[in-house]
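FYI, it's all coordinate maths here, none of it is from the lab. Please read these numbers as outputs of a predicted model, since none were measured by experiment. Backbone-built Cβ (ideal geometry, glycine too); neighbour counts: all protein chains shown.
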Amino acid sequence: MDLFTFDPNTILSFFLTLFRVSLLVFLLPFFGGQNIPVPVKAALCLVLSLGLWPHLSFAADMFPAHPFMIALMILGELLLGLILGLIVRILFAAIQTGGQLIGFQMGFALANIVDPKTGVNQAVTAHFLYMTALLMFLSLNGHLYLLHALTKSFALVPPGGLLITPALSEQLLQFSSQIFVLAIKIASPVMIALFLVDLALALIAKAAPQMNVIFVGFPLKIAVGFFFLGMLFTILALYIEDFILQLGPIFDGIMRSGT
C-alpha cells in the first residue's frame, strides 16, 4: 500500500479522534494519573484512537481551518476532559473528607501523610479510605464507565463543542454540593460511635474523678474507631456502586446541557 495516497480527509478525521481520545485520557482519573509514565499514556491514546476511529469518528469537515479556531477546539476538548474528570474526583474528595473527619475524631489529626497524587497533607484514615475506594472503584468496573463516557462523547459533543452554559453550571454546582453530604454519610457511623465513647468517658470522669480518663480514652477511641472503620467498608462499597451506576446518566446530562 502506498502511504502517499492517503486521503487528507481521512487524516483529518483521525486527528480529530486522536485529539478527543488523548485529551480525555490524559485528564480522566486512573488513565491520566501522574504515576503512569507519559510514553505509556501516549501509547494508550494511540491504541484507543486506532480502535475507535473506524467505528467512532468525526467528519473531516469539522476540523477547523484557521489556527485560532484549532486552539479554541483544543480548549473545548480540555474543558470536556476536566468536567468529566471532576465528576469522578468529587466522589473521592467526599471520601477523603469523611476520612479527615474520622481521623480527627480518633485523634489522628497530627498523624498526617502526603498524598503523592495531590501533594496535600491528609490524615492516615483519609488516605486509607481513598486507597480502599480506589480499589473498589476499579473492581466494580468504574473505569469502564469512563471509557463508555468517552465513546458517548463522539455522538453528543462535536470537536470543541462543549460550552459553559447556565444549565451546565447549575448541574456542576448541585453535584459538587454533595461532597459534604456524602462525607457525613460515610463518616457518620464512626463519628456516632466515637461520640458515644466520649459521652461514656465524660460520665465516668464525673462519677469517678480519680480515674485518669485521658489515659484510657486515647487507646479506647482508637480501638473503637478501627472496629467501626472495618464495618464501614460494606457501606462504602454500596455508595461507590450507586455512584458508578449513576455515572452514565450524569455524563449524558452534562454533555447534553453543555452543547
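The table below gives the values:
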| read-out | value |
| --- | --- |
| Per-residue ³J(HN,Hα) for the stretch 80-86, Karplus 6.51 cos²θ - 1.76 cosθ + 1.60, θ = phi - 60°, Hz, x for Gly and Pro | 4, x, 5, 5, 5, x, 5 |
| Using a Förster distance of 22 Å, the FRET efficiency for residue 196-residue 131 (Cβ separation, nearest 0.05) | 0.20 |
| Per-pair calculated FRET efficiency, R0 = 25 Å: residue 231 and residue 205 via Cβ, rounded to 0.05 | 0.35 |
| FRET efficiency for residue 86 and residue 61, using Cβ-Cβ distance with R0 set to 25 Å, rounded to 0.05 | 0.20 |
| Percent RCO, i.e. relative contact order, over the stretch 3-257, from Cα pairs under 8 Å lying at least 6 residues apart | 23 percent |
| Residue exposure sequence - 49, 139 - by fewest surrounding Cβ within 10 Å | 139, 49 |
| Per-residue HN-Hα couplings for the stretch 179-184 [Karplus 6.51, -1.76, 1.60; θ = phi - 60°; Hz; x = Gly/Pro] | 4, 6, 5, 5, 4, 5 |
| For 10, 132, order by how many other beta-carbon atoms lie within 10 Å, fewest first | 10, 132 |
| Shape category assigned to the stretch 173-259 from the gyration tensor of Cα positions, a/c cut at 1.5 | prolate |
| Extended-chain gain in nm, criterion 0.36 nm per residue less alpha-carbon gap, residue 238 and residue 38 | 68.6 nm |
| Contour excess over end-to-end distance, with Cα ends at residue 124 and residue 75 and 0.36 nm allotted per residue | 13.9 nm |
| Hz values of 3J(HN,Hα) by residue in the stretch 61-76 - Karplus curve (6.51, -1.76, 1.60), Gly and Pro given as x | 6, 7, 6, x, 8, 8, x, 5, 5, 5, 4, 5, 5, 5, 5, x |
| Net dipole in debye of the chain [+1 Lys, Arg Cβ; -1 Asp, Glu Cβ; about Cα centre; nearest 20] | 640 debye |
| Segment residue 163-residue 176, length gained on full extension (0.36 nm per residue, minus Cα span) | 2.8 nm |
| Lysine pairs meeting the criterion (Cα under 23 Å, 8 or more apart or interchain), as found in the chain | 4 |
